[in-house]
1. Determine, for each peptide in 52-60, 67-75, the mean count of other beta carbons within 10 angstrom over its residues, then list the peptides with the highest first.
2. May I ask which of Lys254/Lys510; Lys418/Lys610; Lys403/Lys610; Lys483/Lys560 have a Cα-Cα span longer than 20 Å here?
3. Using θ = phi - 60° and the Karplus form 6.51 cos²θ - 1.76 cosθ + 1.60, what ³J(HN,Hα) does each residue of the stretch 457-474 get, whole Hz, x for Gly and Pro?
4. When the accessible area of the stretch 1-96 is computed with all protein chains present and a 1.4 Å probe, what percentage of it is carbon and sulfur?
5. With point charges of +1 on the Cβ of Lys and Arg and -1 on the Cβ of Asp and Glu, referenced to the Cα centre of the stretch 399-536, which listed residue (Gly405, Gly522, Tyr479) lies farthest in the positive direction of the dipole?
6. Which far-off residues, 5 or more places away or on another chain, put their amide H under 5 Å from the one on Ala409, with H placed in the peptide plane?
7. List, in order, the whole-Hz ³J(HN,Hα) value for each residue of the stretch 135-148 obtained from phi through the Karplus relation with A = 6.51, B = -1.76, C = 1.60 and θ = phi - 60°; use x for Gly and Pro.
8. Sort 157-164, 42-49, 176-183 for me by packing, meaning the mean count of neighbouring Cβ atoms within 10 Å per residue, highest on top.
Amino acid sequence: MTSKSNKITLRETFAIHYRAYRDLRPYCPDAFAAAGLHGAVSALSPYATVYLSARLINELAGARRPEVLWPLVAITLAVTAGLTLLTGALLHWKNAASDRYNQAKEKLFTDKMLSLDYADVDNAKTHDLLSQIRQNQLWGSWGCNILLEGFGEIAKGIAGILGAIALTVSLFTLPVPASAGWVTVLNHPLFIALLVAVLMLVAVLAPICTGKSKQSWVSLAEEAKFSNRIFHGFGYLSNEKENSLDIRMFRQEKIASHYLVRALDIFGVSGKAAKLCRGPMGWWVALGSSISAMLTGLVYLFVCLKAWGGAFGVGSVTQYVGAVTALSTSIFTLVDAVGMLQSNASFMRTIYQFLDIPNQMYQGSLTTEKRSDRQYQVEFRDVSFKYPGSSVWALRHVNMKFKVGERMAVVGENGSGKTTFIKLLCRLYDPQEGEILLNGINIRKYSYRDYMNLFSVVFQDFQLLSQPLGANVAGSQSYDRSKVQQALVDAGFGDRLAKMSQGLDTMLYKEFAADGVDVSGGEAQKIAIARALYKNAPFIILDEPTAALDPIAEAEIYAKFNDIAGDKTAVYISHRLSSCKFCDEITVFDHGQVIQQGTHDALLADEGGKYYALWMAQAQYYTTPAQG
């Protein structure tokens, strides 16, 4: 529950929800209109029926004039039917708009993720915030869902109050005749003012009690989110294909069962939620219901006394009882909606913690040269870098140059800084010290998107989508089919492609198609390489993408790739040093520093160097000593 020192005021409640309204409305303009109109019409509809019914009853109890009754009956039927149809149509619109709204809020979060600096995308705190938002939505629909619901409820409450006031004004203005004796006290202005004050107080107290009850749910937020995470992590473990072998070999379902019991405990009969329902939560709900019952009793007493005194006829009793009861309900709806929004504000804070993550990476404005000769030169000048939150330098004082057309291999042990070097080269991160230059200009000064377009990268943890093969290679549903096919052939996927009956239209994996095709790790890597070729960028980088291939297949791809790269700069990162022999230069990283540079032969001649040690450590696996 929100602490007193961090109490959310009504001003902040309305400010943060109004901000969310402004942010979400462009994504789904009709959602709020649909919710508001449906709420208003559904609140006002009963008043029309109550008013017309009162006129009918008064006429039946009085003169019973056919020329008045029949038109009233016809109007009542027509209005009731029309309002029913209108309410139904608005409900349909509201439900359809709500579905679009649910997609819209997800797009809001997706757009934010896509606009974030990669450093923040790569930060676990960012994903934790997004996970909290998802968990809040799952366990209590907190967050943006409450915003739309609250908007409709506030519209409903306000419309209901205005309608009730219109129908109940005469309840207080129609006097009891002087002949009614002591009942005439009901005409006194002070009595009426006191009665209205009591009615308003009682009407407001009931939803306040309900709001207190809802605060108990808010106090469960952290435990509920954690339980949902456990349930999500372990509840579907047996359904995941990737885990099926380990589950059966090592009986991991026992671990899942242990945590699932814990996850479900919070909402079990002996859990915290049940205790709250039997305690404070239940007491507040009971008090709110009791207050509402008191209000209904007061209304009935006042209306009946005035009718008994002769202020109005029996038909008006129906009107006033219905209207004042509806007034109470509408006040309850309005105050309850405000209380719901106030409870929701703490969850909206989490949403805006995520949406307010700033973009700190300078975007630049210079366009990269569209050189027909592709003569680009990259220089690392005394570059040092450490990851956010880390005190250890991932790269330290790195100096190197390379230009288009060269083949450079980057080697080193795990954690030596190879992949970090590639991330800085592609400007996924900016270095803390030094600078990276493209044709003599700091890459920070170039347009970020222009600069990124210079690179095609196959990362070691690349991903393919459950989409057609051609779309995976092109990164789009519309593409040059001949160019995609050539890229697949160049990447060594030609034989497999020839066996696919649907060719480039073959759906990968089975998430969205029963006839989807599963590809092996090696085949997936060839598709990823084809994707890099299709982009046709001046720089092409392979960050250990062939790890799933056997040494012979890897060597064949690299040998062929050397020809395919043409005038592009090719940077290879590989643990298998034999695949790097054809490169113009090999750069050896160790503990974040460049400790050796040169050709394969030159580095191998230095028997005291790191490259020689790495080469000899691998060579033993490719040579077999003679057996006696």
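The values are calculated or read from the model by the stated rules, or taken from the named source; none is laboratory data. Here the structure is a predicted model, which means the values were calculated and not measured. Neighbour counts run over all protein chains shown; Cβ positions are idealised from the backbone, glycine included. Side chains are part of the model used for accessible areas, which takes the heavy atoms of the whole protein and leaves out ligands, DNA and RNA. Shrake-Rupley method; radii C 1.70, N 1.55, O 1.52, S 1.80 Å.
1. Numbers: 52-60: 18.0, 67-75: 12.2.
Going by the mean number of other Cβ atoms within 10 Å, highest first, we get 52-60, 67-75.
2. Details: Lys254/Lys510 29 Å; Lys418/Lys610 15 Å; Lys403/Lys610 25 Å; Lys483/Lys560 18 Å.
Where the Cα-Cα span goes over 20 Å, the pairs concerned are Lys254/Lys510; Lys403/Lys610.
3. 10, 10, 7, 5, 10, 4, 10, 10, 9, 7, 9, x, 4, x, 5, 5, 6, 7
4. Numbers: 3950 of 5840 Å².
Carbon plus sulfur share of accessible area: 68 percent.
5. Going by the charge dipole, the pick is Gly405.
6. For Ala409, whose amide H was placed from the backbone, the distant partners under 5 Å are Tyr572, Glu585, Ile586, Thr587.
7. Once rounded to whole Hz, the list reads 5, 4, 5, 5, 8, x, 6, 6, x, 5, 4, 5, 4, 5.
8. On the way: 157-164: 21.9, 42-49: 19.2, 176-183: 12.9.
Top to bottom by mean Cβ count within 10 Å: 157-164, 42-49, 176-183.
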